[in-house]
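A short write-up of the structure that comes next.
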Amino acid sequence: MRTEAFITPENIDGKLPGWLAGIAAYTNPRPHLVLDPSRCVLLVMDMLKYFAHPEGRVYIPSTRAIVPRIDRLLRRWRQTGGTVVFTRHCHRGPEDLGMLGRFFSDYIHCGERDSEIIEELTPLPSERVFRKNTYDAFHGTGLDEYLSVNGVDQVLVTGVLTQMCCETTARSAFVRGYEVYIPADALTTSTEELHVGSLRGLATGFAVITSTEVICRE
């Protein structure tokens, strides 16, 4: 699957206000929900070479636009001592594909180059990387327990793909009692329609949709 970039580093600032205005029409303001980096994990979902490197098998060109945004959030969280977690989606073989094996013919093999996190967003040695084999980063990974031990009750979701792993994880976090925040310009997918549609659905009852700029200036 190869797609065209619906966002680029040059046009993302122009698109973002329209997205946020459209999403706001689907939800009520929730001023009592305020992101606090000391209580919030920055969750970087599956920024792997498979999706985010030009030579990756399922390269999504729109990832070029979100890498600087995620990097900015990483620098903010690292400077303030916040909790940072990465996910790395890969499979050890056909035996752990589950339903994904019935939907897709290709999968990311653990250990192959495409399963590596891109160099621009390399985790620090102190930052946890949770391997997962389905859309939900909480399913069978120990992430929930790790966040509980670290006093985290908010989740900031970034990465790929908006309507798949990011949305599923956001909904899963919500039902587990976490406040969920999503910077609309720090995650992406294959098309603008899927991206904005997913964010609209999440805004109705699962997550506060915001931006990298708002988060970093608060």
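The values are calculated or read from the model by the stated rules, or taken from the named source; none is laboratory data. Everything quoted here is computed from the prediction, not taken from an experiment. Please note: Cβ atoms are built from the backbone with ideal geometry, for glycine as well, and neighbour counts cover all protein chains shown.
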Matching residues, the stretch 39-92, being farther than 18 Å from L124 by Cα, touching a residue at least 12 places away in the same chain (Cβ under 8 Å) and part of a loop (DSSP other than H, G, I, E, B): R39, H53, G56, R57, V58, Y59, I60, P61, S62, C90, R92
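I'd like to know if the stretch 195-209 contains one or more residues that are of a type in the set (S, T, N, Q) and either within 15 Å of L42 (Cβ to Cβ) or more than 16 Å from the chain's Cα centre (by Cα) (or both). Write out each step before concluding.
Quick first cut of the stretch 195-209, residues of a type in the set (S, T, N, Q) only: 198, 204.
Keeping just the survivors that are either within 15 Å of L42 (Cβ to Cβ) or more than 16 Å from the chain's Cα centre (by Cα) (or both) gives 204.
Yes, that holds for at least one residue.
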Pairs where the first residue, in the stretch 108-130, is in a loop (DSSP other than H, G, I, E, B) and the second is of a type in the set (G, A, S), C-beta under 6 Å, 6+ apart: I108/S115; I118/A52
Those residues of the stretch 182-208 which are surrounded by 24 or more Cβ atoms within 10 Å (Cβ to Cβ), within 25 Å of R39 (Cα to Cα) and either modelled with pLDDT under 95 or of a type in the set (S, T, Y) (or both), in sequence order: T188
Check on E179, surrounded by fewer than 17 Cβ atoms within 10 Å (Cβ to Cβ) and more than 19 Å from L100 (Cβ to Cβ): no
Some residue of the stretch 92-107 being touching a Cys at 6+ places or on another chain (Cβ under 8 Å), surrounded by 15 or more Cβ atoms within 10 Å (Cβ to Cβ), within 25 Å of I60 (Cα to Cα) and not aromatic (F, W, Y): no
Output for the stretch 16-36, where each listed residue is closer than 23 Å to P68 by Cβ and touching a residue at least 40 places away in the same chain (Cβ under 8 Å): L16, W19, L20, I23, L35
Candidate set from the stretch 95-107 (those that are part of a loop (DSSP other than H, G, I, E, B) and hydrophobic (A, V, I, L, M, F, W, C)); member that is farthest from H139 (Cα to Cα): F104
Of all residues making up the stretch 209-218, the number that are at pLDDT below 95 and part of a helix (DSSP H, G or I): 1
In the stretch 142-176, residue nearest to the chain's Cα centre (by Cα) [restricted to those that are surrounded by 17 or more Cβ atoms within 10 Å (Cβ to Cβ) and part of a loop (DSSP other than H, G, I, E, B)]: L161
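Check the stretch 38-52 and report whether any residue there is within 25 Å of E192 (Cα to Cα), among the aliphatic types (A, V, I, L, M) and surrounded by fewer than 16 Cβ atoms within 10 Å (Cβ to Cβ).
Of all residues in the stretch 38-52, those within 25 Å of E192 (Cα to Cα) come to 42-52.
Now restrict to residues that are among the aliphatic types (A, V, I, L, M): 42-45, 47-48, 52.
Filter once more, so that each one left must be surrounded by fewer than 16 Cβ atoms within 10 Å (Cβ to Cβ): none.
No: the stretch 38-52 contains no residue that is within 25 Å of E192 (Cα to Cα), among the aliphatic types (A, V, I, L, M) and surrounded by fewer than 16 Cβ atoms within 10 Å (Cβ to Cβ).
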Number of the condition not met by Y135 [criteria: (1) assigned to a loop (DSSP other than H, G, I, E, B); (2) over 13 Å from the mean Cα position of the chain (by Cα)]: (2)
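For the stretch 142-162, give me the residue count where each residue is free of Cβ contacts under 8 Å to residues at least 24 places away in the same chain and over 16 Å from G177 (Cβ atoms). Spell out the reasoning first.
Looking only at the stretch 142-162, we keep the residues that are free of Cβ contacts under 8 Å to residues at least 24 places away in the same chain, and these are 142, 145, 148-149.
After this cut, where a residue has to be over 16 Å from G177 (Cβ atoms) as well, the list is 142.
Of the residues in that region, 1 qualify.
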Any chance T210 is touching a Phe, Trp or Tyr at 6+ places or on another chain (Cβ under 7 Å), among the hydroxyl-bearing types (S, T, Y) and farther than 17 Å from L156 by Cβ: no
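Tell me, which residue of the stretch 15-37 that is in contact with a helix residue (DSSP H, G or I) (Cβ under 7 Å, 6 or more places away or on another chain) and assigned to a loop (DSSP other than H, G, I, E, B) is surrounded by the most Cβ atoms within 10 Å (Cβ to Cβ)? Full working, then the answer.
Kept after step one, since they are in contact with a helix residue (DSSP H, G or I) (Cβ under 7 Å, 6 or more places away or on another chain), are these residues of the stretch 15-37: 19, 22-23, 26-27, 35, 37.
Checking which are assigned to a loop (DSSP other than H, G, I, E, B) leaves us with 26-27, 35, 37.
On the way: Y26: 14, T27: 16, L35: 17, P37: 20.
It comes out as P37.
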